[in-house]
Amino acid sequence: MYRKILKKDLKRKKTMNIILLLFIIISATFMASSMNNAVSIITTLDGFLEKAGIADYTILALQDEKNHDAIQEFLTENEQVENYALDYALFTDENYIHLEENGEFDAVRSLMINSLEVDQSFFDINDRKITDIENGEIYVNHFDMVENNIKEGDSLFLEDENGYIKEFVVKGTFKDALLGSAMIGLNRFLVNEKDFSELHEKTSLPKVELYSIHTKDISQFEQGFVSESSIATMLSCTKSLIRFSYVMDMVIAAILLVVSICLILISMVILRFTIVFTLQEEYREIGIMKAIGIAGPDIRKLYIVKYLLLSLAGAAMGFGISIPFGKVMLKQVSDNIVMSNGTYGVFIGLFGVLAVVAIIMLFSYLCTRSIMGFSPVDAIRNGTNGERFHKKGLFRLSKFPKMSPAFFMAVNDIASSPKRFGSLFLIFMLGTILILIGINSVNTLNSDNMIVLMGMVKSDAYLASNSESLKLFEAGERQYIEDYLEKMEEKLSEYGISGKAITEATFPCKLSQGENDVKVTGMQAIGALAEDFTYMEGYAPRFENEVALTHITARKVGAKIGDSILVSIGESEKEFMVTALFQSMNNMGNAIRFSEKTELDYGKASPPGIIQILFTDETSPKNAEEKVEKLNEAFPEFAVYQNKEYIVHVMGDILGKMADVKLIIVVVVLGINMLVAVLMVKTFITRERGEIGVLKSIGYGNEAVVKWQVSRIGIIMLLAVAAGIVLSNPLGQLSSGAVFRMMGLKEVPFIIAPLEVYVLYPVLLLITALAGSLITAQEVRKIDPREMMNIE
């Protein structure tokens, strides 16, 4: 008997059951794939670093005899050092590299050449360890392979300024644990030992030392290294910091996990609505079953079994779909990371779908409690819905004479049944919030404001060249750099461009206050004033003894505005007063800014690799493109970027990944809105057949009834979109804003594109919901006026 009842119910409510099944499938797919991907990335990343042999601490420094001796002395005397390896590399940039004979090479980031014989392991695209490279072969990092459309077997030429040329054949791409993250900002090529020795001896490329240090206690070693102010480094980081640099690869999995949780919440709301509607519709049947002796728990079990079957079927299909879907989402990550081949990912995904089933069953159990209170006598006597002892409606049409009756009924229904329409409101609002958070995050990453968040001055163009920057700072004098920038401005004038050239020197600094020591990056602008930058509190440092700190640096050293701190650069130590706090993603927020009046030792300065150009006349988008073309002609030794191009240059392909995720979310949410609208209108029509019969019997046509049904969906959609717009920014701060804060920011000013947020996507959401409801509402045409006899 139970089987027959269940089979009949599944067939009778086919549309409702199919839509509920689709929601369970989508929820299970996202939950399984996102959990699997998140756990896979976290666990795989640790294994990747271990397989690659990444040391506890890594130091990268330009080859300098005095600096070399200082590092060697520190490592030899420090008690926490178990052992260390010293390897050599060459610094280069795109100006020294060509494809085929004359093909230009566009470098994604700064470049370094290593031999395979270093204290680290590398892996090919198939996750096999690279053990041998033939003479004349070269491995190219994944980012540059994609950017330049390089294929295995292509020729790559390395040429220095003295005329030396070396041809390499591209062997393929490789996975580099140390520099594989976009956030490190440094890529490298791999060649064999013989070719590297030749390049080392015959080229004028800057030499770099790479120290891989294994320690007894990394925290004590780092504390000692921070206290050592005589050492200048290009990069110094712990293994944990290298691991953290892959955070952007984990962002996608985290976003999908949030989406899956929201989808489960939506499924729960739909499930509750479905159960409540079903129980109200079958009030009489439940009463009859109780009257003939079927106990309440057995009737409740019948409904729970139905949702168990639906949830198991949906979970099974969702789990199957999650496997290829998860692989697609992991593909971009697996290009940089060696992925584990273990089967734990399958079990994680299985756990995810079982969690969905468990949540659905728990919710089903809670929502069917009302069955236990149904009285057989009342159910049989009062009919389908039970007798209602209160009047329906809060408003009277006579008080709104200009409002159409159909629209009035829609408004009155919503106001009279807040619980019923509240679930619809919640679903539409969650979907709106999901879309808007994704849009605001992508727009923020893709905006000019990212330059400010990086601690820079907004500019019109960015000129990048590692070799030119190194030459610029070789003299170790600020005046030499100022003269160089002045010559650049003169050259701009020759090409008809009115502009200003600025750059920034960085210094390895040690800050001290009381017992607190912290090692940070010091910054000083050349060609610009400290007041040109953005600050959160206080005022820009104006005098030579003033400095601004990032909020992270201030917290670590225990300083606030007005305090005095000791700043050490090399052998020099000087007291500064803190005048401002600012935020920056530079060095994960560990930075300070000096006044332009502060005298600093430029022998310790490191080049930023970028020169910024500010156009000082009025510039339209068209003129800007023309000026950028002239910049390419005027400075062929530099790669020229505009704002968005430079952000991609610095942050890698995260923008492309985020755009893909945004598209997935938009498609899923629009599909959900249409399904929900179809489900709701379908259930409303089923429930209100008697009322529709009455309306038709007193002269209302099909169009008016359809308008009544559709208007309710449209009103709820408008209210939900408005609420979603209001809540998207604060909820975005809690979700995607957390990633920005991990990268060094305190406040994340999300960029809101009014046309997208207030017009485009709200209209899309409204259209899909209205389309689904309008199509479904056509069913009222089949209802005969005689069905008014079915009304309560």
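For residue 402, which lysines qualify as cross-link partners when the Cα separation must be under 29 Å and same-chain residues fewer than eight apart are set aside?
Partners found: 391, 392, 419, 696, 707.
For the cross-link pairs 51/171; 500/560; 560/604, which exceed 29 Å when the distance is taken from alpha carbon to alpha carbon? Working shown, then result.
Numbers: 51/171 22 Å; 500/560 34 Å; 560/604 27 Å.
Among 51/171; 500/560; 560/604, the Cα-Cα distance tops 29 Å for 500/560.
Would you list, by chain and number, the aspartates and glutamates whose Cα falls below 16 Å from the Cα of residue 556, excluding same-chain residues fewer than 8 positions away?
Leaving aside aspartates and glutamates fewer than 8 places away in the same chain, those within reach of residue 556 are 222, 515, 517.
Keeping the other protein chains in place, figure out the carbon and sulfur percent of the accessible area of the stretch 16-89, with a 1.4 Å probe.
On the way: 1500 of 2870 Å².
Whole-percent figure for carbon plus sulfur exposure: 52.
Ignoring ligands, DNA and RNA, what percent of the 1.4 Å accessible area of the stretch 448-588 is carbon and sulfur? Could the numbers behind the result be given before it?
Details: 2540 of 5820 Å².
C and S fraction of accessible area: 44 percent.
Could you give me the ³J(HN,Hα) list for the stretch 598-604, computed from phi with Karplus coefficients 6.51, -1.76, 1.60 and θ = phi - 60°, whole Hz, x at Gly and Pro?
6, 7, 10, 7, 6, x, 9
Given a 1.4 angstrom probe, I'd like the percentage of the accessible area of the stretch 708-748 that is carbon and sulfur, rounded to a whole number. Numbers along the way, then the final one.
Details: 1160 of 1530 Å².
Of all accessible area on the stretch 708-748, carbon and sulfur atoms account for 76 percent.
For residue 616 and residue 137 in one chain, what is 0.36 nm times their gap in residues minus the Cα-Cα distance, to one decimal in nm? Intermediate results must be reported in sequence, preceding the final value.
Working: separation 479, 0.36 × 479 = 172.44 nm, distance 4.70 nm.
This chain segment gains 167.7 nm when fully extended.
Identify which of the listed values of semi-axes √(5λ) of the Cα gyration tensor in Å was calculated from the structure shown: (1) 87, 34, 24; (2) 57, 33, 25; (3) 63, 30, 25.
(3)
With runs of 4+ DSSP H residues as the only contributors, calculate the mean residue ellipticity of the chain at 222 nm using -39,500 (n - 2.57) per run, divided by the residue total and rounded to the nearest 500. Display every interim value, and only then the final one.
Working: 25 runs with 410 residues, N = 792.
Computed mean residue ellipticity for the chain: -17000 deg cm²/dmol.
Using only Cα atoms, find the angle between the long axis of helix 65-77 and the longest principal axis of the chain, and express it within 0 to 90 degrees, rounded to the nearest 10.
On a 0 to 90 degree scale, this one is about 70.
Cα axis of helix 418-445 to longest principal axis of the chain: angle in degrees, 0 to 90, nearest 10?
20 degrees
Taking H as built 1.01 Å from N, whose amide H comes closer than 5 Å to the amide H of residue 526, not counting residues under 5 places away?
HN-HN under 5 Å from residue 526: 503, 504, 505.
Relative contact order of the chain, please, whole-number percent, based on alpha carbon pairs below 8 angstrom and at least 6 residues apart. Let's see the in-between values first.
Values: 1365 pairs, mean separation 130.3, N = 792.
Here the relative contact order equals 16 percent.
Tell me which residues come under 5 Å, amide H to amide H, from residue 591 once H is placed; ignore anything under 5 positions away on its chain.
521, 550, 553
Let me know the charge dipole size of the chain about its Cα centre in debye, to the nearest 20, where only the beta-carbon of Lys, Arg (+1) and Asp, Glu (-1) is charged.
Working: 75 positive and 96 negative charges, 1851 e Å.
Magnitude of the dipole: close to 8900 debye.
Greater than 28 Å separation of Cα atoms is the criterion. Which listed pairs, 239/597; 306/682; 202/627, meet it?
239/597; 202/627
Given the C-alpha centroids of the stretch 702-757 and the stretch 534-556, what is the distance between them in whole angstrom?
Each part reduced to its Cα centre gives a spacing of 36 Å.
Could you do me a favour and compute the accessible area per residue for the chain, 1.4 Å probe, result in Å²?
Working: 34520 Å² over 792 residues.
In whole numbers, the chain has 44 Å² accessible per residue.
Along Cα→Cβ, 7 Å out, is where each label goes; now give me the distance between the ones at residue 261 and residue 416 in nm to one decimal.
3.9 nm
The values are calculated or read from the model by the stated rules, or taken from the named source; none is laboratory data. As the structure is a prediction and not an experimental result, all values here were calculated from the model. Cβ atoms come from the backbone with ideal geometry, glycine included; neighbour counts cover every protein chain shown. Just so you know, the surface numbers come from the protein's heavy atoms only, side chains and all, with ligands and any DNA or RNA stripped out. Shrake-Rupley method; radii C 1.70, N 1.55, O 1.52, S 1.80 Å.
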